[in-house]
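All remarks here apply to the structure that follows.
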Amino acid sequence: MGDYILPWQSSVMLKHPWVLSAFFLIIAILLSFLTWFRRTRHEQEEDSSGNQDRNME
Amino acid sequence: MEIISRHQLLTISIIYQIGTTIIFGFAAGAGRDSWLAVLISTFFGTVLVWMYTRITHLNPGLTFIECYPAQFGKVIGTPIAWLHPLLFLYIAGRIVADIKSLVPTTILPGTPPWVILLFFMVVISYGLFLGIEVMGKLAEIILPIILLIFLIEVILIISSGVVHLENLTPILDKGWGRIWSVVWPLGIIQSFGESLALALVWTLMNERARVGRTMILSSLFAGLFIAFTDAMAVVVFGEEIFKRATYPLYALVQAISVSDFIAQLDATGVIYFCFMAFLKTYIYLFATIRSIQKLTYARRSRVFIFPVVSIAFVLGMTMAPNVVEHIAVVQKVIPYDPLYLSLMMVFPFLLFCVSWIRQKNKTQQN
């Protein structure tokens, strides 16, 4: 189990070549939640700024 | 917004694609036929790079990683897009580890590797703060200097009387097997498949329509350059030494000795190897930061520079205890790594097909 803590190390990659790919996949899925959360917020911000522009006109 | 010219993209791409490939000797497994293996890799690699450029052409206004959520939907596309900055960061760490093993064993013996890497990363961070436009201008200045130094070295090697053209023959005496084992998949992935990181720079070019031609030109130039350097190493050392040498092209510079007067030019070789490694690391980290900025909808990218550079530094320092293990990973693991193969070949091919079909349907509807 200790091997899997630093999966980018060459010794780990030579012994267990799939560990780094699995590690990246897990991180990518976790980070995707951040994107989905930020996207919703970004769209809301754009909508509100669009409404403000229309009110100004 | 930063804008780079076509010429700047061309010079960046050439230096990037030659990159660290020439430090460790490309396609050494093919022995005296390595130059032929490089030429075949260049052909397939150029087709791959052309496919990357078509994907960005079919998805105007989007960077390469934004194409995945746009075409595959946010549930599948977003994790695939996130895999890119993670892979770029890992490869940047590998180049940092290359420098860690090259510089202390060649020009700075006795200097702790962390000191060399610390200065290397500080300069890269400064470059990232200045932006890609400055790096484009630097590449425009440096590429002719590198080519001039290389030309002088070739002339000096020939003058040293160490060139034995008979080392190149017989061609294909051990068949096509060892050539194909080098071409697929490592030959195509290394240098050409790794051009994926450059896709994050293409959207910043002022003449977008000419990205494809520029990239094809740079791929062909880089391929011919690597093939020529491999052929030079074979004619000087012969097949067996070339295959066993850790740094065959560094040894090539060491072989220069004109009348025992012009000799020991190792430092010049290491300096241009380091610049190529510098630019390649820069582009990977730039691509990582730009990808993270796009995927987190952040307004500014500078906030990511320090964390990304620090992670690359830690990766480089902890990656391999010695150069033998470091190279073994490139030869035994990376060519068959599912992450490399899917991100550089399988997913881009699927993305290209989906983008092309959607574009075709759109034009038919219109």
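The values are calculated or read from the model by the stated rules, or taken from the named source; none is laboratory data. Predicted model, so just to flag it, every value in this text is computed and none were measured. With ideal geometry, Cβ positions are generated from the backbone for all residues, glycine too; neighbour counts draw on all protein chains shown.
Brief remarks follow.
Residue-wise test of (1) under 27 Å from B:Q331 (Cα atoms); (2) away from chain A (no Cβ under 14 Å); (3) of a type outside the set (A, V, I, L, M, F, W, C).
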site: B:I14; (1), (2), (3): yes, yes, no
site: B:G73; (1), (2), (3): no, no, yes
site: B:Y90; (1), (2), (3): yes, no, yes
site: B:V103; (1), (2), (3): yes, yes, no
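- Qualifying positions in region B:18-34 - assigned to a helix (DSSP H, G or I) and either within 13 Å of B:Q331 (Cα to Cα) or modelled with pLDDT of 90 or more (or both): B:T21, B:F24, B:A28, B:G29, B:A30
- When B:L156 is tested against the conditions (1) within 14 Å of chain A (Cβ to nearest Cβ); (2) surrounded by fewer than 22 Cβ atoms within 10 Å (Cβ to Cβ), the lone failure is (1).
- When region B:335-346 is filtered for residues that are more than 12 Å from chain A (Cβ to nearest Cβ) and touching a helix residue (DSSP H, G or I) at 6+ places or on another chain (Cβ under 6 Å), only B:M344 remains.
- Per the listing B:L295, B:L279, B:L285, the residue uniquely surrounded by 21 or more Cβ atoms within 10 Å (Cβ to Cβ) and more than 23 Å from the chain's Cα centre (by Cα) is B:L295.
- Positions within region B:283-313 being within 10 Å of chain A (Cβ to nearest Cβ), in contact (Cβ under 8 Å) with a residue 24 or more places away in the chain and not β-branched (V, I, T), in sequence order: B:K294, B:L295
- Unmet requirement for B:G316, which otherwise passes all of (1) within 11 Å of chain A (Cβ to nearest Cβ); (2) under 30 Å from A:E45 (Cα atoms); (3) in contact (Cβ under 8 Å) with a residue 60 or more places away in the chain; (4) among the small types (G, A, S): (2)
- For region B:271-280, the condition of being basic (K, R), away from chain A (no Cβ under 12 Å) and closer than 21 Å to B:Q17 by Cβ holds for at least one residue.
- Matching residues, region A:1-13, being out of contact with any helix residue (DSSP H, G or I) (no Cβ under 6 Å at 6 or more places or on another chain) and part of a helix (DSSP H, G or I): A:G2, A:I5, A:S11
- Scanning region B:249-304 for residues that are of a type in the set (S, T, N, Q), in contact with a Ser or Thr (Cβ under 6 Å, 6 or more places away or on another chain) and under 30 Å from A:R41 (Cβ atoms) yields a single hit, B:Q293.
- So B:P69, is it on the phi < 0 side of the Ramachandran plot, out of contact with any Asp or Glu (no Cβ under 6 Å at 6 or more places or on another chain) and at the interface with chain A (Cβ under 10 Å from one of its Cβ atoms): yes
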